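To keep things clear, I will list the structure first and then write my remarks on it.
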Amino acid sequence: MAASIREKQTAALKRMLNFNAPPMKNTAAEPVWKVLIYDRFGQDIISPLLSVKELRDMGITLHLLLHSDRDPIPDVPAIYFVLPTEENIQRICQDLRNQLYESYYLNFISAISRSKLEDIAGAALGANAVNQVTKVFDQYLNFITLEDDMFVLCNQNKELISYHAINRPDIMDTEMEAIMDTIVDSLFCFFVTLGAVPIIRCPRGNAAEMVAVKLDKKLRENLRDARNSLFTGDTMGAGQFSFQRPLFVLADRNLDLATPLHHTWTYQALIHDVLDFHLNRVSMEESVGSEASPAGARPKKKNKKSYDLTAADKFWQKHKGSPFPEVAESVQQELDTYRAQEDEVKRLKSIMGLEGEDEGAISMLSDNTAKLTSAVSSLPELLEKKRLIDLHTNVATAVLDHIKSRKLDVYFEYEEKLMSKSTLDKSLLDMISDPDAGTPEDKMRLFLIYYITSQQPPSEADLEQYKKALMDAGCDLSPLNYIKQWKAFTKMAAAPANYGSSGVKPMGLFSRVMNTGSQFVMEGVKNLVLKQHNLPVTRILDNLMEMKSNPETDDYRYFDPKMLRGSESSIPRNKNPFQEAIVFVVGGGNYIEYQNLVDYTKAKQGKRVLYGCSELFNAAQFMKQLSQLGQK
């Protein structure tokens, strides 16, 4: 199978850190010691992919931000990894003048313009440092990979290309052009790194179409300039792709506004929804022990803890898409097996009367030695296991607290019913006015989903009643103003998205499943099991990938940058289904859709689907953008 995008971007970074030479095979040789200078963008690209230890293994002794105060280190080569912005270029020129390092390897995250290159050259001449600027490279790495099959465009100034930015009513054409150029620049980098020229499909008449047109033009220009094309020979020859080219589906967030507001039930999406989960790192406050502090004492300060959820974490890889109850159960099982192993080591020591002895004395005994040696040698492994178990125990407990205090299981089940148009066992008004269920935000999300998915909007009288209930619950109604305009507008444009007949089967309450010795007190939380159903984005992908005819996607535009004359047609040239596809949502994406695509791909033999989005937001962040739009 072709290498994943995570592997490709990591390989590109490693090559860059090795002065743009392929990393050496013989690991015995000492690496060249060097410093890495990045800006915030470079930091965001590197941090999900390479740990500090891996950087050190590659000879990076120091990694510093470009705009921090840095001391001169005159006998060390420096590798720069920055965006070619005006201020970054000026800072690099200043470094050259101050003669901070022995030699400079300048790597730009996306292509640098001719004029900026000349600025650097001028500064190098002036500082008499021309021969110290060893190499200048365009890396084309301007996107962030979060999973083997998921990427997001940027994290630093994501508000510049957010849903809010694209859908502002007062946006000017020039601003829109700039946003589209930013998105296209990153997508171009993505395809250069992937080493493939895609076939592009997109809907008509929205932001996704603008991106498609620009991307097609940019890829075409690059392919036409045969001498400097980034898609020739060496990148392509490695046989990274099967002979077939990937399909690139551009979708617009407006096609489905319900999913990003939906309460969710799978582990990764729940973490993103209720905790602070950012570039694969969860930050949470540690609850300090519950012993009462003496009267009048200052309340204890909560410690911030952050955990990295990485590709190396097997438990995470296996369970990030599982329903939460299953995760809680698995954490418990892991904990039990770990305790059993730990007890085994203790038992062997006590049999041999060696509780307090040092390891040296142990090794002299011959009888139980073999057993003990194996037990002791598995200690580092055990400790790593223990760390991961603690991590997931803490994270899962934090998630569970949210589920219980906000009744998220009830919300999830209710919204699934709304989206699949099944019968409701409780009126929406009751849900909104129930003081125990959820925060004002949860209620607002629920109501917006109802409003978005309903065939015809509620009558004015009903709407007033709902509004009053929402106001009483303390909700901010500005998102509704925007959704109302949006719904009126899309009603003219297209039929509402169909969410498939999903169902959640409640499996009875948890208490039976969880044995009494469990860490997780699940009483009263519903054990919901998911049935596979496709969200709108997945359904569109399925139509285009399998070449199914469907009114929803039949008039999607078709671009093939490799065709010499850009014939505008929506008639696909090849009739074969695609094996590989990339779905990109302009205007922001979420882990619910990502998980849905992963599940869809699992069911299809030999297919691969990547999910990308211009930014990743959870429901709270999306609501904030909607309310800003609603206040206009």
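The values are calculated or read from the model by the stated rules, or taken from the named source; none is laboratory data. These numbers come from a predicted model, not from an experiment. Ideal geometry is used to build each Cβ from the backbone, glycine not excepted, and the neighbour counts take in all protein chains shown. When the accessible area is computed, the model is the full protein with side chains, heavy atoms only, and any ligands, DNA or RNA have been set aside. Shrake-Rupley method; radii C 1.70, N 1.55, O 1.52, S 1.80 Å.
Structural remarks
- With respect to the stated conditions, residue 401 is free of Cβ contacts under 8 Å to residues at least 24 places away in the same chain, open to solvent by 50 Å² or more (accessible area, probe 1.4 Å) and assigned to a helix (DSSP H, G or I).
- If the condition is being open to solvent by less than 40 Å² (accessible area, probe 1.4 Å), in contact with a strand residue (DSSP E or B) (Cβ under 7 Å, 6 or more places away or on another chain) and not β-branched (Val, Ile, Thr), then the range 126-148 contributes 139, 143, 146.
- Residue count for the range 420-453 under the criterion of being charged (D, E, K, R) and either in contact with a Lys or Arg (Cβ under 6 Å, 6 or more places away or on another chain) or outside any loop (DSSP other than H, G, I, E, B) (or both): the result is 5.
- Filtered by the rule that a residue be among the charged types (D, E, K, R) and either in contact (Cβ under 8 Å) with a residue 24 or more places away in the chain or closer than 22 Å to residue 6 by Cβ (or both), the range 142-180 gives 147, 148, 149, 158, 168, 170.
- Check on residue 185, part of a helix (DSSP H, G or I), modelled with pLDDT of 90 or more, crowded, with 18+ Cβ neighbours inside 10 Å and among the acidic types (Asp, Glu): yes
- Filter result for residue 89 (outside any helix (DSSP H, G or I) and either more than 19 Å from the chain's Cα centre (by Cα) or over 20 Å from residue 10 (Cα atoms) (or both)): no
- Count - residues of the range 157-172 that are at pLDDT below 90 and either aromatic (Phe, Trp, Tyr) or under 14 Å from the mean Cα position of the chain (by Cα) (or both): 1
- Condition met for residue 569 (out of contact with any helix residue (DSSP H, G or I) (no Cβ under 8 Å at 6 or more places or on another chain), of a type in the set (Ser, Thr, Tyr) and modelled with pLDDT under 90): yes
- Sole residue being surrounded by 13 or more Cβ atoms within 10 Å (Cβ to Cβ), of a type in the set (Lys, Arg) and within 22 Å of residue 153 (Cβ to Cβ), chosen from 97, 91, 40, 70: 40
- Test result for residue 216, in contact (Cβ under 8 Å) with a residue 40 or more places away in the chain and of a type in the set (Asp, Glu): yes
- Selection status of residue 71, assigned to a helix (DSSP H, G or I) and not hydrophobic (A, V, I, L, M, F, W, C): no
- Close pairs from the range 254-281: first under 24 Å from residue 405 (Cβ atoms) and open to solvent by 10 Å² or more (accessible area, probe 1.4 Å), partner part of a loop (DSSP other than H, G, I, E, B) and among the aromatic types (Phe, Trp, Tyr), Cβ under 7 Å, at least 6 apart: none
- Candidates in the range 596-612 are the residues that are open to solvent by 10 Å² or more (accessible area, probe 1.4 Å) and either basic (Lys, Arg) or under 11 Å from the mean Cα position of the chain (by Cα) (or both); of these, the one that is nearest to residue 265 (Cα to Cα) is 602.
- Counted residues, the range 588-632 - those being closer than 16 Å to residue 537 by Cβ and touching a Leu at 6+ places or on another chain (Cβ under 8 Å): 17
- Residue satisfying all of: in the range 589-627; in a helix (DSSP H, G or I) and among the basic types (Lys, Arg); farthest from residue 276 (Cα to Cα) among these: 602
- Residues in the range 307-332 that are open to solvent by less than 20 Å² (accessible area, probe 1.4 Å) and among the hydroxyl-bearing types (Ser, Thr, Tyr): 322, 330.
- Residue 472 meets all of the listed conditions (1) farther than 25 Å from residue 253 by Cβ; (2) modelled with pLDDT of 90 or more; (3) open to solvent by 40 Å² or more (accessible area, probe 1.4 Å); (4) touching a helix residue (DSSP H, G or I) at 6+ places or on another chain (Cβ under 8 Å) but one, namely (2).
- Leading residue by the ranking (farthest from residue 210 (Cα to Cα)) among those in the range 128-148 that are in contact with a helix residue (DSSP H, G or I) (Cβ under 7 Å, 6 or more places away or on another chain) and outside any strand (DSSP E or B): 129
- Residue within the range 364-372 that is in contact with a Gly (Cβ under 9 Å, 6 or more places away or on another chain), among the hydroxyl-bearing types (Ser, Thr, Tyr), modelled with pLDDT under 90 and open to solvent by less than 50 Å² (accessible area, probe 1.4 Å) present: no
- The selection criterion, being under 30 Å from residue 225 (Cβ atoms), part of a loop (DSSP other than H, G, I, E, B) and either polar (S, T, N, Q) or at pLDDT 80 or above (or both), holds for residue 562.
- In the range 430-469, the residues that are open to solvent by less than 50 Å² (accessible area, probe 1.4 Å), among the aliphatic types (A, V, I, L, M) and modelled with pLDDT of 85 or more: 431, 432, 444, 446, 448, 449, 452, 463, 469
- For residue 456, the conditions (1) in contact with a strand residue (DSSP E or B) (Cβ under 8 Å, 6 or more places away or on another chain); (2) without any contact (Cβ under 8 Å) to a residue 40 or more places away in the chain are fulfilled apart from (1).
- Filtered by the rule that a residue be open to solvent by 20 Å² or more (accessible area, probe 1.4 Å) and either among the hydrophobic types (A, V, I, L, M, F, W, C) or at positive phi (or both), the range 155-165 gives a lone residue, 160.
- Inspection of the range 29-37 identifies at least one residue that is crowded, with 21+ Cβ neighbours inside 10 Å, closer than 20 Å to residue 155 by Cα and of a type in the set (A, V, I, L, M).
- Filtering the range 33-56 to residues that are in a loop (DSSP other than H, G, I, E, B), hydrophobic (A, V, I, L, M, F, W, C) and touching a residue at least 60 places away in the same chain (Cβ under 8 Å) leaves only 49.
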